[in-house]
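Colleague: Once you've had a glance at the structure underneath, I'll fire off some questions.
The values are calculated or read from the model by the stated rules, or taken from the named source; none is laboratory data. Keep in mind that what you see is a predicted model, and the values were worked out from it rather than measured. No Cβ is skipped: glycine too gets one built from the backbone with ideal geometry, and neighbour counts run over all protein chains shown.
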């Protein structure tokens with residue numbers, strides 16, 4: 001395996017595994033164990049690959065397996081994970097109820113807590129995450145709690161929890177380690193501590209080499225530092241491996257800031273086509289990205305409001321409220337924008353990016369002095385705030 | 001990918017339970033028969049052959065710790081009370097958690113499969129050497145002692161009907177595909193038993209599926225997973241059905257191993273006084289954060305046959321690793337601790353002492369009535385129950401009276417060959433065998449279990465023998481640890497198949513020369529890196 005990256009080695013292992021697992025999974029009579037292993041590996045491959053279309057194959061196989069084998073708990077758990085990943089909150093809840101007792105398992109309780117988080121009830125999510133950590137101090141439960149703490153502005157506690165999460169991980173879980181390092185890097189990046197963010201991304205890269213997710217984060221960070229050429233090079237490299245529309249949009253943003261309008265527009269058109277095709281298929285995953293797109297790449301208040309409305313119906317939390325506020329702001333509906341951003345702020349979320357947005361919206365609405373207050377707060381927390389708001393992971 | 005926190009998205013939903021190099025199998029320890037250069041002790045720690053037999057995992061360290069102490073008898077044989085048991089536990093606890101200075105041999109391999117072997121806290125001090133793997137070699141110590149060592153692949157020295165044991169405890173994962181989410185579906189709430197239970201369709205042998213539980217698994221049916229019967233199963237000839245088959249489930253399997261033959265005086269500064277050497281093993285896996293900090297071994301180690309170590313450095317090294325598995329006594333995990341990861345305590349298993357009593361009573365309600373049904377006497381008080389009972393205990397006080405004799409009875413040996421010098425050495429008793437969880441090698445014996453553990457010991461069957469009443473007699477002779485290996489006992493018993501529970505010998509003959517464990521079996525498709 002010399003010369004291959006960790007990512008390539010693992011992808012190859014998944015492919016080989018799938019070759020071995022496919023025949024027994026298709027055999028009759030059907031073995032729940034073989035089918036579960038096979039579909040799970042498909043899911044793992046899709047998640048690692050990053051290509052959303054691979055999840056369609058996973059979903060088809062998974063639904064087929066459940067139809068033939070019944071609501072086996074492992075299959076339902078997998079379906080809940082898949083639905084949650086694709087922002088289908090109601091479906092995720094239904095999946096957990098399909099198999100008796102599943103919602104009470106440790107994995108079921110973790111997803112239930114994630115749903116509460118997505119629904120914007122951060123206080124209850126915090127209680128549930130703390131209970132999870134108390135019962136099972138696993139790295140992923142610690143990372144869940146860390147993420148919540150970060151959203152609520154307790155950066156030191158969040159980073160400490162990420163450190164504790166890493167301490168639970170062994171050399172046999174380097175992909176997970178890299179993921180936690182990315183979260184730590186994001187935390188620093190959000191507060192303008194770019195050198196520290198680079199350090200964590202570098203550790204992620206050393207822990208698990210060749211991973212497009214790490215490269216994408218590095219490109220986002222370089223863009224925030226206005227190192228546009230370097231960022232564009234990495235984005236292009238990543239896009240060759242993973243043609244994700246949000247990365248295409250990010251590259252378009254870079255080109256636009258470099259004054260390359262034609263290249264930017266090409267990227268935007270490609271990204272938009274994928275977003276809209278997905279939405280046409282009834283998928284909800286890209287709603288959030290569509291709001292961003294119409295607020296930023298192609299300014300279109302009516303479209304931005306349309307997608308923001310649909311997204312908030314699915315997940316009414318500080319992120320979707322902030323997105324709606326942006327759309328209202330763009331539409332010139334400043335009072336409504338102010339009300340919406342105040343709702344997002346009342347959730348308890350304290351992030352420099354949110355304060356910056358609140359500052360702009362309040363300033364536009366005028367009158368109460370809060371605009372200056374939030375802009376000052378944002379600048380204090382992140383003196384290096386960039387025109388590039390990194391919206392893909394946080 | 002998403003705008004929410006989703007650790008599972010890029011990682012495993014289910015814990016991967018692939019074979020792990022951290023899985024310790026067995027710890028053997030016995031006095032060497034080669035005394036030409038003075039007394040020596042043989043210690044062998046075996047573990048999963050991952051990634052392959054003969055190729056070791058560079059992310060692991062393996063520790064073998066040892067202490068030397070005088071032979072003591074406590075409490076006296078006539079004291080069989082809970083109080084005396086607890087006093088014993090306290091005394092041992094103080095020793096192991098107090099100023100115990102265990103000596104340690106620590107091993108890890110690098111990417112090129114060279115092994116660094118570190119010696120800490122020995123009378124000669126601390127030092128390390130770098131050696132080849134898969135080779136018998138000598139390590140000359142700074143004090144001019146010579147240790148013989150082998151680190152690499154061998155045949156698995158354990159010979160055992162593991163599926164039979166799992167059938168006896170109704171262990172679902174051996175027989176069923178148990179969903180990852182059903183962590184409770186392990187030992188199902190059915191009486192543990194040595195004889196099949198009438199109507200126990202979840203576990204009874206199925207002649208149409210002889211490979212069931214031996215590789216082949218069924219889908220786990222919906223619960224409840226209980227048993228409603230009231231008697232042992234008998235065939236048309238009136239014979240019970242044994243849950244064991246006597247077939248060696250480990251035949252053809254390999255391990256990786258650290259095998260050492262060590263002069264006793266290297267371990268023990270007062271060999272005349274300290275006749276017991278306690279040994280236990282541990283596996284540790286490198287933490288992820290330290291994987292990326294890995295630097296090459298110190299050049300001194302690579303250039304010189306051995307380098308002196310600062311003993312203080314060992315703990316800083318250990319902080320980079322995570323304890324995964326421990327090994328001292330056979331069956332201490334599987335039979336007494338229910339294989340729970342959070343009970344991997346090794347020698348420091350004192351807090352399990354109350355659990356040990358309750359678990360032994362739980363097992364006794366299963367195995368005791370089985371033994372009685374065969375016409376044998378049991379050490380467990382089951383109120384003459386005609387059939388095995390599923391009973392758990394929440395308090396030691398309730399469990400102790402049932403298990404008192406099992407816990408305290410001296411385990412008779414079949415003859416005097418274990419004690420070649422004819423010394424006044426007390427027979428070992430279960431409570432002192434399992435707490436602490438160490439292999440206690442008595443240098444004045446052959447080291448056969450429980451006075452250590454020799455390769456040829458059928459320890460699984462000897463473990464079952466703890467539930468025999470050692471005061472009873474069979475054919476005019478006191479019950480003993482090898483009685484259940486006596487074919488004539490089974491020939492006369494109303495049972496099929498007529499076999500001792502476990503195989504009587506390993507699938508490959510052991511060598512009478514170092515490294516004693518047999519050569520590894522060829523692994524299809526894998527070319528070993530033997531030197």
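Colleague: Are any residues in the stretch A:299-317 more than 14 Å from chain B (Cβ to nearest Cβ) and closer than 19 Å to residue A:88 by Cα, and if so, which ones?
Modeller: A:306, A:309, A:310, A:313
Colleague: Residue A:296: crowded, with 17+ Cβ neighbours inside 10 Å and away from chain B (no Cβ under 14 Å), yes or no?
Modeller: Judged against the criteria, residue A:296 is a match.
Colleague: Conditions: (1) part of a loop (DSSP other than H, G, I, E, B); (2) surrounded by fewer than 22 Cβ atoms within 10 Å (Cβ to Cβ). Residue B:502 meets all but one. Number of the miss?
Modeller: (2)
Colleague: I've got another one for you. Here is a check on your reading of the model: is residue A:71 part of a helix (DSSP H, G or I) and closer than 23 Å to residue A:107 by Cα?
Modeller: Here the answer is no, as residue A:71 does not meet what is asked.
Colleague: Right, another one. Going through B:252, B:199 one at a time, which residue ends up being surrounded by fewer than 21 Cβ atoms within 10 Å (Cβ to Cβ) and either in a strand (DSSP E or B) or modelled with pLDDT of 95 or more (or both)?
Modeller: Exactly one of B:252, B:199 is surrounded by fewer than 21 Cβ atoms within 10 Å (Cβ to Cβ) and either in a strand (DSSP E or B) or modelled with pLDDT of 95 or more (or both), namely B:199.
Colleague: Hey, residue A:101 hits all of (1) free of Cβ contacts under 8 Å to residues at least 60 places away in the same chain; (2) under 29 Å from residue A:354 (Cβ atoms); (3) surrounded by fewer than 20 Cβ atoms within 10 Å (Cβ to Cβ) but one; which does it fall short on?
Modeller: (2) is the only condition that residue A:101 fails.
Colleague: A further question follows. Return yes or no: is residue A:77 at the interface with another protein chain (Cβ under 8 Å from one of its Cβ atoms), under 23 Å from the mean Cα position of the chain (by Cα), assigned to a helix (DSSP H, G or I) and free of Cβ contacts under 8 Å to residues at least 40 places away in the same chain?
Modeller: yes
Colleague: Also, quick follow-up: Can you tell me which residue is surrounded by the most Cβ atoms within 10 Å (Cβ to Cβ) among those in the stretch A:321-357 that are touching a residue at least 40 places away in the same chain (Cβ under 8 Å) and not in a loop (DSSP other than H, G, I, E, B)?
Modeller: Within the stretch A:321-357, the subset touching a residue at least 40 places away in the same chain (Cβ under 8 Å) is A:321, A:347-353.
Still in the running and not in a loop (DSSP other than H, G, I, E, B): A:321, A:352-353.
Working: A:321: 26, A:352: 20, A:353: 19.
So, considering only residues that are touching a residue at least 40 places away in the same chain (Cβ under 8 Å) and not in a loop (DSSP other than H, G, I, E, B), the one surrounded by the most Cβ atoms within 10 Å (Cβ to Cβ) is A:321.
Colleague: Condition test on residue A:149, is it under 30 Å from residue A:380 (Cβ atoms) and more than 9 Å from chain B (Cβ to nearest Cβ)?
Modeller: Details: under 30 Å from residue A:380 (Cβ atoms): yes; more than 9 Å from chain B (Cβ to nearest Cβ): yes.
Taking the combined requirement at face value, the residue satisfies it.
Colleague: Those residues that are more than 8 Å from chain B (Cβ to nearest Cβ), in a helix (DSSP H, G or I) and more than 16 Å from the chain's Cα centre (by Cα), I need them from the stretch A:172-193; list them, please.
Modeller: A:188
Colleague: Another question, if that's okay. Would you confirm, using the coordinates I've provided, whether residue B:140 is within 30 Å of residue B:34 (Cβ to Cβ) and surrounded by fewer than 18 Cβ atoms within 10 Å (Cβ to Cβ)?
Modeller: yes
Colleague: Then there is this: What helices (runs of 4 or more DSSP H) lie completely within the stretch B:372-472 and have 1 or more residues being over 28 Å from residue B:93 (Cβ atoms)?
Modeller: Correct list: B:459-465.
Colleague: Evaluate the following for residue A:22: is it away from chain B (no Cβ under 13 Å), loosely packed, with under 13 Cβ neighbours inside 10 Å and either touching a helix residue (DSSP H, G or I) at 6+ places or on another chain (Cβ under 9 Å) or within 20 Å of residue A:238 (Cα to Cα) (or both)?
Modeller: Criteria not met by residue A:22.
Colleague: Does residue B:138 count as out of contact with any helix residue (DSSP H, G or I) (no Cβ under 7 Å at 6 or more places or on another chain), outside any helix (DSSP H, G or I) and modelled with pLDDT of 95 or more?
Modeller: So residue B:138 passes the test.
One line per residue, one yes/no per condition, for (1) surrounded by fewer than 16 Cβ atoms within 10 Å (Cβ to Cβ); (2) at pLDDT below 95; (3) in contact with a strand residue (DSSP E or B) (Cβ under 7 Å, 6 or more places away or on another chain):
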{"residue": "A:247", "(1), (2), (3)": "no, no, no"}
{"residue": "A:262", "(1), (2), (3)": "yes, no, no"}
{"residue": "A:265", "(1), (2), (3)": "yes, no, no"}
{"residue": "A:278", "(1), (2), (3)": "no, yes, no"}
{"residue": "A:281", "(1), (2), (3)": "yes, yes, no"}
{"residue": "A:304", "(1), (2), (3)": "no, no, no"}
{"residue": "A:315", "(1), (2), (3)": "no, yes, no"}
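Colleague: Could you please find all residues in the stretch A:1-19 being touching a helix residue (DSSP H, G or I) at 6+ places or on another chain (Cβ under 6 Å) and either loosely packed, with under 13 Cβ neighbours inside 10 Å or free of Cβ contacts under 8 Å to residues at least 12 places away in the same chain (or both)?
Modeller: Answer for the stretch A:1-19, where residues must be touching a helix residue (DSSP H, G or I) at 6+ places or on another chain (Cβ under 6 Å) and either loosely packed, with under 13 Cβ neighbours inside 10 Å or free of Cβ contacts under 8 Å to residues at least 12 places away in the same chain (or both): just A:1.
Colleague: Is it fair to say residue A:111 is part of a helix (DSSP H, G or I), more than 10 Å from chain B (Cβ to nearest Cβ) and at negative phi?
Modeller: Criteria not met by residue A:111.
Colleague: Can residue A:126 be described as facing chain B (nearest Cβ under 8 Å), without any contact (Cβ under 8 Å) to a residue 40 or more places away in the chain and part of a helix (DSSP H, G or I)?
Modeller: Criteria not met by residue A:126.
Colleague: Also: For the stretch A:357-377, check the following and say yes or no: at least one residue is out of contact with any helix residue (DSSP H, G or I) (no Cβ under 8 Å at 6 or more places or on another chain), modelled with pLDDT of 90 or more and under 29 Å from residue A:125 (Cα atoms).
Modeller: The answer is no, given that none of the residues of the stretch A:357-377 is out of contact with any helix residue (DSSP H, G or I) (no Cβ under 8 Å at 6 or more places or on another chain), modelled with pLDDT of 90 or more and under 29 Å from residue A:125 (Cα atoms).
Colleague: Separate question: Might you check whether a residue that is within 10 Å of another protein chain (Cβ to nearest Cβ), at negative phi, without any contact (Cβ under 8 Å) to a residue 60 or more places away in the chain and touching a strand residue (DSSP E or B) at 6+ places or on another chain (Cβ under 6 Å) occurs anywhere in the stretch A:81-95?
Modeller: Looking through the stretch A:81-95, none of the residues is within 10 Å of another protein chain (Cβ to nearest Cβ), at negative phi, without any contact (Cβ under 8 Å) to a residue 60 or more places away in the chain and touching a strand residue (DSSP E or B) at 6+ places or on another chain (Cβ under 6 Å).
Colleague: Follow-up. Please verify whether residue A:94 is assigned to a helix (DSSP H, G or I) and surrounded by fewer than 15 Cβ atoms within 10 Å (Cβ to Cβ), treating the condition exactly as stated.
Modeller: Answer is yes for this residue.
Colleague: Exactly one condition in (1) surrounded by fewer than 24 Cβ atoms within 10 Å (Cβ to Cβ); (2) assigned to a helix (DSSP H, G or I) is not met by residue A:209; state its number.
Modeller: Going through (1) surrounded by fewer than 24 Cβ atoms within 10 Å (Cβ to Cβ); (2) assigned to a helix (DSSP H, G or I) one by one, residue A:209 breaks only (2).
Colleague: Now a separate question. Restricting attention to the stretch A:30-65, which residues are within 11 Å of chain B (Cβ to nearest Cβ), part of a loop (DSSP other than H, G, I, E, B) and under 19 Å from the mean Cα position of the chain (by Cα)?
Modeller: Result: A:50, A:51, A:52.
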